[in-house]
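Peer 1: Here it is, the structure in full.
The values are calculated or read from the model by the stated rules, or taken from the named source; none is laboratory data. These numbers were taken from a predicted model, which means no experiment stands behind them. Here the Cβ positions follow ideal geometry from the backbone for every residue, glycine too, while neighbour counts run over all protein chains shown.
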Amino acid sequence: MTGESDHIVAELAARIFADLGDPKTINRLDDGAWKTPFWRALSDAGLPLAWVPEQLGGAGASLADGFATLGVAGRFAVAVPLAETLIAGWLLMRTGLEAPNGPMTIAPSRPSDRIIFGKDATLSGRAIGVPFASEAQNIALLAQGEAGIVVALVSTSDCVIDESQNLAGDPSNAVRFERVKPLRYARAPSGFDHAALMLMGSVSRSVQTAGALESVLSLTVSYANERVAFQRPIGKFQAVQQNLARLAGETAAALAVSGSAANTIAESDGFDQTTFLEAASAKIRCVEAATEGASIAHQVFGAIGFTKEHVLHRFTLRMLAWREDFGSESYWAAELGRHVAQRGAEEFWPMVAAR
Amino acid sequence: MNTNLQFDQIRLPPECDTLRQEARAFLAEEIAKGTFDPHRPGHGDAHDRAFSKRIGAKGWIGMTWPKKYGGHERSFLERYVVTEEFRVANAPVRSHFVADRQSGPILLKYAPEHIKANILPRICRGELCFVIGMSEPGSGSDLFAAKTKATKVDKGWLINGSKIWTSNADVADYMIALFRTSPPTNENRRHGLTQFLVDMKARGIKVNPIYQMSGEHDFNEVVFEDVFVPDDHVLGEIDGAWKQATSELAYERSGPERFLETFYLMLELIRSVGSEPDIRCAEGLGRLVAQLHTLRRMSVAVAGMLQSGKEPVVEAAIVKDLGTIWEQRLPNRVRELTAFLAPEIANRVTLEEQLAFATTIAPKLTIQGGTTEILRGIIARGLGLR
């Protein structure tokens, strides 16, 4: 993702994040009042609906632009539904539905949840772990109808939403749909299904995770250079250096695999075997990197790193929370393993070497 | 401090696809002919020079070098594709691989014209085997502790001392070695080493085999007794070899050979678990696939960056750190994942044979070409911690 335009959109996003969503500043605040001006600035810049074409109410940016923005959002541990609104817009756009303004989220956001589109054109079912549902105005969702898959837009005020939160304290709600009448709906294009939505969500989370890891690495290396123990900065100790090198390795792996998956999706029309390998691998490996990376960073920081006062948790807890969204690494590993097993040994290397 | 890591996303260009198909067809033909058995690593002749010559004839050695030295002026990405296809097939490339990967590029950069014109075309034809003379009985990871001495004499140098853990020295034609030409200085302990090209047929060289715990013979001790090396075999600056080492290492560290060494076990694992694996095997396999895919995308990204003239030194060290640990752990992961499979699965014998072989060679993977600890030191330096 090195195109010129990626930089422009991502740099614009970075400026807004730094001005109005700086993690250290936010960490000192007691309430969520910062979210309103922050969201307004993001909306004014066209970022939440970046993936929606202009004729459907969006900014018409490329997929690469959007993923680059999500990488920067990860670096700032952005705690508003930017990724969710982007994906929701993308989902609506695929069926030609117009996207509303305001924060959105997507359902289902777990592989095992299903929503039913009834004969009476209403939606029923339950989705758990829906990110930011309690802060969103609308939900873009994918439902099973008798005649196939339907994409629909519903107002959150028509749904029953609980108060659950994820590890980082961000909303991650159970949402019940009881014969909810959608604001609008359309038939999904052929080949687009539940798995495709989960893969798109997984790649978005992977890109965010890689961004968060970049910040964790930078924070941790700075701290190791500053903090003195036994008359030396702790970063001068080989044991600490080895750990930081491992953290750099995990960060590198997350960056490379999420970047590769985002690039694959940005350059392909549909969801084929290559997209599946890329996206599932990105989620699996980024979750492994998040788990390993968070643990190394906290070890280097010692006690100060797990205080509420310190900013580290804004990154570590968020990337640990993201592990569960759109399919955990265990889920995707089992899916990927089954796929590879079914294809057999002879087809394995050609699949890996496809691009 | 610099914690910015970069992996440019590249898609292998179309010419790579054609080349990949050619490489696969060539390998399939060689397997059919019985040149090697892809399922039996460690069997057969790892040093098949006739095979290397056939590879040379295809134009797959020295691929990126100038045509006037027998090279083919192809891209690093094309070389990448050929390298990975040969690794995955378990093809015996030991005879030419070191020359292709690192000795040739060093000669291109530092050798005088007449030596380049003489040697490089022969490397490209698969006729020459090169070895690396770095480690000594008293110096391994600490390269700059090397003591083997080169003493100035009329028209050249006399070498005395020994190198150790030198793979392939028993069959090699040339060694590129570091010898001490001056003592280190107080200000710079890296000062005083010079890089030389040594003809392995020179008088005074003795090669003693060292057997590995796997039973294989790969390592050797190379003893030098008053070995004469002519002046024009000095490669680069006298006493200044330390300045020359770093940039080449990115090529050496990040290639597909840094994570595909035990790849055959992935294929055998897939055969073992069958088309409908239980959840434990499926999940375990899936994780390994994701990890392998990640390593490959990292390695391809580094190759692309090298091709475009960048020097991703830290990224390359990371590829080798993660890659060698992965390929080293793979045998035990496969062992665990196949633990509950029926004893009578069709490929049980092959699997166990491969596991036994991989387990006994695994320890070397994180030692050769820079240990994990040294690599992490390089990464730490790149992060600004040293």
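Peer 1: Considering every residue within region A:186-202, establish whether at least one is more than 26 Å from A:Ser281 (Cβ to Cβ), among the polar types (S, T, N, Q), within 14 Å of chain B (Cβ to nearest Cβ) and in a helix (DSSP H, G or I).
Peer 2: No, the conditions are met nowhere in region A:186-202.
Peer 1: Considering region A:55-96 alone, what residues qualify as being farther than 21 Å from A:Ser268 by Cα, polar (S, T, N, Q) and under 13 Å from the mean Cα position of the chain (by Cα)?
Peer 2: A:Thr85
Peer 1: Those residues that are of a type in the set (Ser, Thr, Tyr) and modelled with pLDDT under 95, I need them from region A:175-205; list them, please.
Peer 2: Of everything in region A:175-205, just one residue is of a type in the set (Ser, Thr, Tyr) and modelled with pLDDT under 95, namely A:Ser190.
Peer 1: Here is a further query. Would you call B:Ala145 at pLDDT below 95, closer than 20 Å to B:Lys243 by Cα and of a type outside the set (S, T, N, Q)?
Peer 2: yes
Peer 1: Here's a follow-up. Looking only at region A:301-355, how many residues end up being under 17 Å from A:Asp170 (Cβ atoms) and touching an Asp or Glu at 6+ places or on another chain (Cβ under 8 Å)?
Peer 2: 3
Peer 1: A follow-up question, please. Which ones in region B:1-40 are assigned to a loop (DSSP other than H, G, I, E, B), surrounded by fewer than 18 Cβ atoms within 10 Å (Cβ to Cβ) and more than 12 Å from every other protein chain (Cβ to nearest Cβ)?
Peer 2: Within region B:1-40, B:Gly34, B:Thr35, B:Asp37, B:Arg40 meet the criteria.
Peer 1: Quick one: which of B:Gly192, B:Gly286 is of a type in the set (Gly, Ala, Ser) and away from every other protein chain (no Cβ under 14 Å)?
Peer 2: Just one listed residue meets the conditions, B:Gly192.
Peer 1: For residues that are of a type in the set (Gly, Ala, Ser) and more than 14 Å from chain A (Cβ to nearest Cβ), scanning just region B:86-115, find the one that is surrounded by the fewest Cβ atoms within 10 Å (Cβ to Cβ).
Peer 2: Taking the candidates together, the pick is B:Ala111.
Peer 1: For residues in region B:338-383 being surrounded by 15 or more Cβ atoms within 10 Å (Cβ to Cβ) and acidic (Asp, Glu), which is nearest to A:Ala224 (Cα to Cα)?
Peer 2: Per the stated criteria, the residue is B:Glu373.
Peer 1: So, restricting to helices (runs of 4 or more DSSP H) that lie completely within region A:269-355, which ones have at least 3 residues that are hydroxyl-bearing (Ser, Thr, Tyr) and within 14 Å of chain B (Cβ to nearest Cβ)?
Peer 2: It comes to A:273-301.
Peer 1: Please verify whether region A:286-305 includes one or more residues that are of a type in the set (Asp, Glu) and out of contact with any helix residue (DSSP H, G or I) (no Cβ under 9 Å at 6 or more places or on another chain).
Peer 2: Looking through region A:286-305, none of the residues is of a type in the set (Asp, Glu) and out of contact with any helix residue (DSSP H, G or I) (no Cβ under 9 Å at 6 or more places or on another chain).
Peer 1: List every residue pair whose Cβ atoms lie under 9 Å apart, where the two residues are 6 or more positions apart in sequence or sit on different chains, the first residue falls within region A:173-202 and is more than 22 Å from A:Ile265 (Cα to Cα), and the second residue, located anywhere, is among the aromatic types (Phe, Trp, Tyr) and in a strand (DSSP E or B).
Peer 2: That search, which allows pairs on different chains as well, returns A:Pro182/A:Phe117; A:Tyr185/A:Phe117.
Peer 1: Return yes when A:Arg227 is more than 7 Å from every other protein chain (Cβ to nearest Cβ), over 27 Å from A:Val78 (Cβ atoms) and out of contact with any Phe, Trp or Tyr (no Cβ under 9 Å at 6 or more places or on another chain) and no when it is not.
Peer 2: Taking the combined requirement at face value, the residue does not satisfy it.
Peer 1: What's the total number of residues in region B:64-77 that are under 17 Å from the mean Cα position of the chain (by Cα) and either within 14 Å of chain A (Cβ to nearest Cβ) or buried (at least 22 other Cβ atoms within 10 Å of the Cβ) (or both)?
Peer 2: Final tally of qualifying residues: 1.
Peer 1: I'd like the residue in region A:231-254 that is more than 14 Å from A:Val300 (Cα to Cα) and among the charged types (D, E, K, R) and, out of all such residues, is nearest to the other protein chains (Cβ to nearest Cβ).
Peer 2: So, considering only residues that are more than 14 Å from A:Val300 (Cα to Cα) and among the charged types (D, E, K, R), the one nearest to the other protein chains (Cβ to nearest Cβ) is A:Glu250.
Peer 1: For the condition more than 10 Å from every other protein chain (Cβ to nearest Cβ) and either under 30 Å from A:Ser134 (Cβ atoms) or buried (at least 21 other Cβ atoms within 10 Å of the Cβ) (or both), what is the one hit in A:Val207, A:Val257?
Peer 2: Residue meeting the stated conditions: A:Val207.
Peer 1: For residues that are within 21 Å of the chain's Cα centre (by Cα) and within 20 Å of B:Leu143 (Cβ to Cβ), tally how many sit in region B:175-205.
Peer 2: The number of residues fulfilling the criteria is 8.
Peer 1: I'd like to check something: does region A:114-127 contain any residue that is more than 18 Å from the chain's Cα centre (by Cα) and at positive phi?
Peer 2: Among the residues of region A:114-127, at least one is more than 18 Å from the chain's Cα centre (by Cα) and at positive phi, which makes the answer yes.
Peer 1: Which ones in region A:15-27 are surrounded by fewer than 18 Cβ atoms within 10 Å (Cβ to Cβ) and touching a residue at least 24 places away in the same chain (Cβ under 8 Å)?
Peer 2: Answer for region A:15-27, where residues must be surrounded by fewer than 18 Cβ atoms within 10 Å (Cβ to Cβ) and touching a residue at least 24 places away in the same chain (Cβ under 8 Å): A:Ala18, A:Asp22, A:Lys24, A:Asn27.
So that you can scan it fast, the table gives a plain yes or no per residue for (1) under 19 Å from the mean Cα position of the chain (by Cα); (2) within 10 Å of chain A (Cβ to nearest Cβ):
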| site | (1), (2) |
| --- | --- |
| B:Tyr251 | yes, no |
| B:Glu257 | yes, no |
| B:Glu261 | yes, no |
| B:Glu268 | no, yes |
| B:Ser275 | no, yes |
| B:Met305 | no, no |
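Peer 1: Looking only at region B:240-249, decide whether some residue is closer than 30 Å to B:Ala150 by Cα and either among the hydroxyl-bearing types (Ser, Thr, Tyr) or at pLDDT 95 or above (or both).
Peer 2: yes
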